[in-house]
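What follows is a set of notes on a single structure, which appears directly below.
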Amino acid sequence: MNFLDQIWLIPLFPLFGAALMLLLGKKLDPQPVSEVAIAPGVEPIYDEHHHHEHHHDHHHDQGHAHDHAQEHGHGGRHAASPLKKLINIICPGMVLLSFIFSAVAVWQLAQQPVRVHQVIKFTWIAGLPFHMANGHLANFTVDWGFLLDPLSSVMILVVTGIGFLIHVYSTGYMAHDNGYYRFFGYLNLFVFFMLMLVLANNYALLFVGWEGVGLCSYLLIGFYFHKKSAGDAGKKAFVVNRVGDAGFVMGMLLMLSVLGTVKFTEVKAALASFTPETTGFGILSIMALLLFFGATGKSAQFPLYVWLPDAMEGPTPVSALIHAATMVTAGVYMVARSAALFQLTPSTSTVVAVVGAFTAILAATIALVQNDIKRVLAYSTVSQLGYMFLALGVGAYWVAIFHLFTHAFFKALLFLDSGSVIHAMSGEQDMRRMGGLKDKIPITYWTMFIGSVAIAGIPGLAGFFSKDEILWQAYSSPQGSQILWFVGLATAGLTAFYMWRLMNLTFYGKSRVAPEVAAHIHESPAAMTVPLILLAAGSVFGGWLGVPKLWTIFGESWRGFESWLAPAFAAAAAEAAKEGEHSASTEWVLMGLSVAVAIIGITVARYFYHHKPEIPDSIEKAVKPLHALLYNKWYVDEIYDFLFVNGLCKGGGLLLGSFDRNVVDGGVNGAGWLTRFAATVSMWWDTWIVDGTVRFTAFFVKMLSYPVCILQSGRVQTYAFFVVVGVLVAFGYYAVR
Amino acid sequence: MHPITTVHYLALSAALLLIGTVGVLTRRNIVIILMSIELILNAVNINLVAFSHAAGQVQGQIFAIFVIVDAVAEAAVGLGILIALFRNKETVLADEIDLLKW
């Protein structure tokens, strides 16, 4: 069977699951979930919405159920309703089907001589003629077309593979939540849109997926919508993303105007006739800049990253799937997909690299001092995405995708581990109230250990290979520079430090756990630990697809990732060949430096938070303003609130208000006055002229008819009298004659 | 002893006609108006029979019988209307029933 021609089916599996859940889920789920939780022998499991204050806010069935369950709680297996079992099969099953389908399709793609396969199912927008900027007539056509090439094949494997593991994890993590079907419906819907995004063969269809994942992100961040902060976070994510999307749409329109098409293959062909804009910002640079602005929204880069940390209000599997592994990498994918454009625009590429590096170090500094375990990981994600953009900006597209690939493993792993910790801690997220969990939840500990080593950049694990390649490219690529490299290196040190701070606060040292929570610490069920172990394996071995060229003992087959992606970035590959100008010894030194920085970060964190816990406090006191600055995230949220939310929106609101009162209302009132005046005139005319005429006519007729009317008395005898008189007159006339 | 001639009949008939007409025009009670109409009809009947007798022909008498039948039907319809009227207006006085006017 030729799976390549059927790739359009890949997104449809999760869509089917989503449709089933969202259309029928409510009907199939008559009993509230809390009844299940009340059953004896149920583990008392709190997810993050079961904070202590939650019991007061939502004192009805849910909180009560958990109190009740707590009394009975002694680690039995939780009873799942038949419906839940069905959902547990359908929703992860659909993603698994997509994964298998994708894997086979990618395998078949690998057999093709030219590894690009396009399937156009049908036309969406058929031939709208319009004039391009150069005056030529073009036809705007958009197909429901699917493109499988090396780049999108990496993406679909990541999305479906890691998506499947996170689905499985969710069956354990969400087991005691209301709205089970809703959660899985949204999750499947997300996978559908994400697959549309990466399989689209044109920017317009990509944008459909782009907006769709944004919608699912919004829905899932606000999954605990009864919590105000969750609803606000969802809105924030949505609004901030729309700001970026405006850039994307404008970039797309500019592309239509200049190139006349939004189809990837045609765009690439059209761009071949342009020369690189080596100086300043030409039309292509602006186009690329607008697209990149869209990417900064979706992928949480500097001006627009503020929504991602707040997005941690969503359930942890959502943070892992959407806000770490897949959706936030959509911007990276999109820029990589536009590589042909960015290669022609070095100025914009520099902007991309600088923004990426700046975001990386900014987010890493914030992550240093956060106390919420998920927020540390959220800022870490922003930081790692910054690395990817740094790689994109210096023209190392395959490295960006490579880092996307490895990051998807270890960041999903870290998030799921943090979820497992939160699960064990009955909803506690503050690392100051953790500690010493190492032996109580060993699987979580060991997998998180692997994830942290991987992200810190210790040789042999996934993060090392991709991060080191990024640093090397930042240094050696023609568009790279030593400053970019140094920022990346510093970020690597900070990364190692904050990850080990997290590990120390959570797993080592003395327990600071509240006693009532400590009694219930337990390892997560197998549905959660098995995905953790698989992801940990990915975090260990995922990097070996892209071993540095420097390690000559490993043959070309160990660098499969680069050669697999090479056709997608043909021009970039040519650029990369130039890197030979730098000597191998430089690369060895740089590699050694980055490893050294990682080890220093780990050691310092270990020393600070394990051996001498008083040091961080004294440092914190010594540089209080700096700590406050970092703890409050450089006050970026406050600045945005001041400038945009309060300044622009409310100030603009005042301005609009006065405009509304004076001009709009004036116009409305004026129109109203005119209407009333016209109505008064009209009424006078109607009353006196029209009605007057009618009434006069009636009066006149009445006057004329009055003599006749009085004859008609209605009395029969009067009439009879007239008859008799008439007869007598008639007879009299004859008699007299 | 004078024989009864046609003139006598006609005189009786004229008297009845006069009484009936005055009754119809002056009495307020509809029952009496109907009775007066009967008088007028019977005046006609007497005329018909008188002339039939005088002419030695029988058609006039046959016609009188038709008139009697007609009078019965008319009385039946008239009284029926009267009862319906009484049910609605609770009166049998002709001058109080004056809806048919402008």
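The values are calculated or read from the model by the stated rules, or taken from the named source; none is laboratory data. Quick caveat, the model's predicted, so the values are computed rather than measured. Ideal geometry is used to build each Cβ from the backbone, glycine not excepted, and the neighbour counts take in all protein chains shown.
For the reader, a short list of remarks on this structure follows.
- On inspection, B:A73 does not qualify as surrounded by 17 or more Cβ atoms within 10 Å (Cβ to Cβ) and out of contact with any strand residue (DSSP E or B) (no Cβ under 7 Å at 6 or more places or on another chain).
- In region A:600-619, the residues that are surrounded by fewer than 16 Cβ atoms within 10 Å (Cβ to Cβ), among the aliphatic types (A, V, I, L, M) and closer than 17 Å to A:V453 by Cα: A:I600
- For B:T91: the one exception among (1) within 14 Å of chain A (Cβ to nearest Cβ); (2) crowded, with 16+ Cβ neighbours inside 10 Å; (3) polar (S, T, N, Q): (2)
- Residues of region B:85-95 that are touching a residue at least 60 places away in the same chain (Cβ under 8 Å) and either charged (D, E, K, R) or touching a Cys at 6+ places or on another chain (Cβ under 8 Å) (or both): B:D95 alone.
- Qualifying helices (runs of 4 or more DSSP H) (wholly inside region A:596-711; at least 1 residues being among the charged types (D, E, K, R) and closer than 30 Å to A:N371 by Cβ): A:614-622, A:624-631, A:636-640
- Among the residues of region A:473-486, those that are buried (at least 24 other Cβ atoms within 10 Å of the Cβ) and either of a type in the set (S, T, Y) or in contact with a Phe, Trp or Tyr (Cβ under 8 Å, 6 or more places away or on another chain) (or both) comprise A:A474, A:S477, A:L484, A:W485.
- All of B:S36, B:S52, B:S13 fail the test of being away from every other protein chain (no Cβ under 14 Å), in contact with a Gly (Cβ under 6 Å, 6 or more places away or on another chain) and part of a helix (DSSP H, G or I), apart from B:S52.
- Looking only at residues of region B:61-84 that are in contact (Cβ under 8 Å) with a residue 24 or more places away in the chain and within 14 Å of chain A (Cβ to nearest Cβ), we find that the one that is farthest from B:E38 (Cα to Cα) is B:L82.
Okay, residues lined up against (1) closer than 22 Å to A:W564 by Cβ; (2) in a loop (DSSP other than H, G, I, E, B); (3) out of contact with any Gly (no Cβ under 8 Å at 6 or more places or on another chain):
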{"site": "A:K121", "(1), (2), (3)": "no, no, no"}
{"site": "A:F130", "(1), (2), (3)": "no, no, yes"}
{"site": "A:F140", "(1), (2), (3)": "no, no, no"}
{"site": "A:W144", "(1), (2), (3)": "no, no, yes"}
{"site": "A:F164", "(1), (2), (3)": "yes, no, yes"}
{"site": "A:V168", "(1), (2), (3)": "no, no, yes"}
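- Applying the set (1) of a type in the set (S, T, Y); (2) at pLDDT 75 or above; (3) surrounded by fewer than 14 Cβ atoms within 10 Å (Cβ to Cβ) to A:S583 leaves exactly one unmet item: (2).
- For first residues located in region A:703-716 and at the interface with chain B (Cβ under 8 Å from one of its Cβ atoms) and without any contact (Cβ under 8 Å) to a residue 24 or more places away in the chain, partners that are exposed (fewer than 11 other Cβ atoms within 10 Å of the Cβ) and not charged (D, E, K, R) and lie 6+ apart or on another chain with Cβ distances below 8 Å form the pairs A:G714/B:L99.
- Condition met for B:L18 (surrounded by fewer than 17 Cβ atoms within 10 Å (Cβ to Cβ), at pLDDT 90 or above, within 14 Å of another protein chain (Cβ to nearest Cβ) and over 23 Å from B:L85 (Cα atoms)): yes
- Residue check for A:F358: surrounded by fewer than 24 Cβ atoms within 10 Å (Cβ to Cβ) and over 21 Å from A:P616 (Cβ atoms): yes
- The sole residue among B:Q57, B:Q61 that is in a loop (DSSP other than H, G, I, E, B) and more than 13 Å from the chain's Cα centre (by Cα) is B:Q57.
- Taken over region A:546-565, the criterion of being surrounded by fewer than 20 Cβ atoms within 10 Å (Cβ to Cβ) and either touching a residue at least 60 places away in the same chain (Cβ under 8 Å) or touching a His at 6+ places or on another chain (Cβ under 6 Å) (or both) is satisfied by A:P548 alone.
- Evaluation of B:T26 against the conditions (1) exposed (fewer than 15 other Cβ atoms within 10 Å of the Cβ); (2) away from chain A (no Cβ under 14 Å) shows that the sole unmet condition is (2).
- Scanning region A:233-254 finds no residues that are surrounded by 18 or more Cβ atoms within 10 Å (Cβ to Cβ), in contact (Cβ under 8 Å) with a residue 40 or more places away in the chain and in a loop (DSSP other than H, G, I, E, B).
- Failed item, numbered, when A:Y734 is tested on (1) within 14 Å of another protein chain (Cβ to nearest Cβ); (2) of a type outside the set (A, V, I, L, M, F, W, C); (3) exposed (fewer than 10 other Cβ atoms within 10 Å of the Cβ): (1)
Conditions tested, residue by residue: (1) touching a Leu at 6+ places or on another chain (Cβ under 7 Å); (2) of a type outside the set (D, E); (3) closer than 29 Å to B:V92 by Cβ; (4) exposed (fewer than 13 other Cβ atoms within 10 Å of the Cβ).
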{"site": "B:I4", "(1), (2), (3), (4)": "no, yes, no, yes"}
{"site": "B:Y9", "(1), (2), (3), (4)": "no, yes, no, no"}
{"site": "B:I32", "(1), (2), (3), (4)": "no, yes, yes, no"}
{"site": "B:M35", "(1), (2), (3), (4)": "no, yes, yes, no"}
{"site": "B:L39", "(1), (2), (3), (4)": "yes, yes, yes, no"}
{"site": "B:N42", "(1), (2), (3), (4)": "yes, yes, yes, no"}
{"site": "B:L48", "(1), (2), (3), (4)": "no, yes, no, no"}
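- If you filter region A:264-280 down to residues that are touching a helix residue (DSSP H, G or I) at 6+ places or on another chain (Cβ under 8 Å) and surrounded by 15 or more Cβ atoms within 10 Å (Cβ to Cβ), you find that the one that is farthest from A:F342 (Cα to Cα) is A:E266.
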